[in-house]
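Note sheet for the following structure.
The values are calculated or read from the model by the stated rules, or taken from the named source; none is laboratory data. Computed from a predicted structure; not experimentally measured. Glycine also receives a Cβ, built like all others from the backbone with ideal geometry; neighbour counts cover every protein chain displayed. Note: areas computed on protein heavy atoms with side chains; ligands, DNA, RNA excluded. Shrake-Rupley method; radii C 1.70, N 1.55, O 1.52, S 1.80 Å.
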Amino acid sequence: VSDLDGDSEVFVVNSDGSGLKQLTNNTAHDERPSISDDGSKIAFMSDLDGDYEIFLVDSDGSGLKQLTNNTAWDANPSISGDGSKIAFVSDLDGDSEVFVVNSDGSELKQLTNNTAHDADPSISGDGSKIAFVSDLDGDHEIFVVDSDGSRLKQLTNNNVEDVYPSISGDGSKITFVS
């Protein structure tokens, strides 16, 4: 994301620094991009319609698609390596919960349902597992859940803040800050 044109827009660039391309061009705040492993799809959040929603765009700037459209705050997308699923957080039910949606906008599914603040989802490369942070017990701890909502598991349990999980492509390892 850069504000080269005066507001935040999504850009893509090759890893060698060549090929800088602006993918969005609007007056909204486009933020938190997440790119698929093959570089073909980019999920991001935007307040284009007045509140933050999840969008998907091809890395050449074509195929812009709005995946969520509600009055809730949908944010912090994480796209699976194959580009088929996007995990994100939403306050659709009044507090921050983890959701997943297919990249075509189908099969929106709420994965958590509690009074805690769930945040920072990271989806595995194959889209099968999602790591996230929750303050369910008062501290920020790391959790993992299958993308169908099953097998929710708390991974950390201590008196310090555990945040910013990043799950490996195969879902076998999770890094985080503590």
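Please compute the Cα-Cα pair-distance distribution of the stretch 1-123 with 5 Å bins starting at 0, giving whole percents from short to long.
2, 12, 22, 25, 19, 12, 5, 2, 0, 0
Rank-order 41-52, 62-73 by packing density, defined as the average count of other C-beta atoms within 10 Å over each peptide's residues, highest first.
41-52, 62-73
State the extension gain, in nm to one decimal, for the chain segment bounded by GLN66 and LEU20, taking 0.36 nm per residue of separation less the distance between their alpha-carbons.
14.2 nm
Among LYS41/LYS173; LYS21/LYS129; LYS65/LYS109, which pairs are too far apart, with a Cα-Cα distance over 26 Å?
LYS21/LYS129
Which Cα, out of VAL177, ALA116, LEU152, lies furthest along the positive dipole direction of the stretch 113-178 (beta carbon charges, K/R +1, D/E -1)?
Final value for the positive-end residue is LEU152.
Of the accessible area of the stretch 58-167, with the probe set at 1.4 angstrom, what percent is carbon plus sulfur?
Accessible surface attributable to carbon and sulfur in the stretch 58-167 totals 46 percent.
For the peptides 14-25, 86-97, what is the packing order when you average, over each peptide's residues, the other Cβ atoms within 10 Å and list the highest mean first?
The densest-packed peptide leads the list: 86-97, 14-25.
For ASP51 and VAL160, FRET efficiency with R0 = 35 Å and r from the beta-carbon atoms, rounded to 0.05? Please list the in-between numbers first.
Working: r = 33 Å, r/R0 = 0.94.
According to the calculation, E is roughly 0.60.
Given +1 on the Cβ of Lys and Arg, -1 on the Cβ of Asp and Glu, and no further charges, what dipole in debye does the chain carry about its Cα centre, rounded to the nearest 20?
Dipole size: approximately 540 debye.
So, for the stretch 25-178, what is the accessible surface per residue at a probe of 1.4 Å, expressed in square angstrom?
That works out to 46 Å² for each residue.
Can you grab the distance from the C-alpha centre of the stretch 122-178 to the C-alpha centre of the stretch 34-102, Å, no decimals?
19 Å
Please state the relative contact order of the stretch 54-178 as a whole percent: Cα pairs under 8 Å, 6+ residues apart? Working shown, then result.
Working: 314 pairs, mean separation 20.8, N = 125.
About 17 percent, as a whole number.
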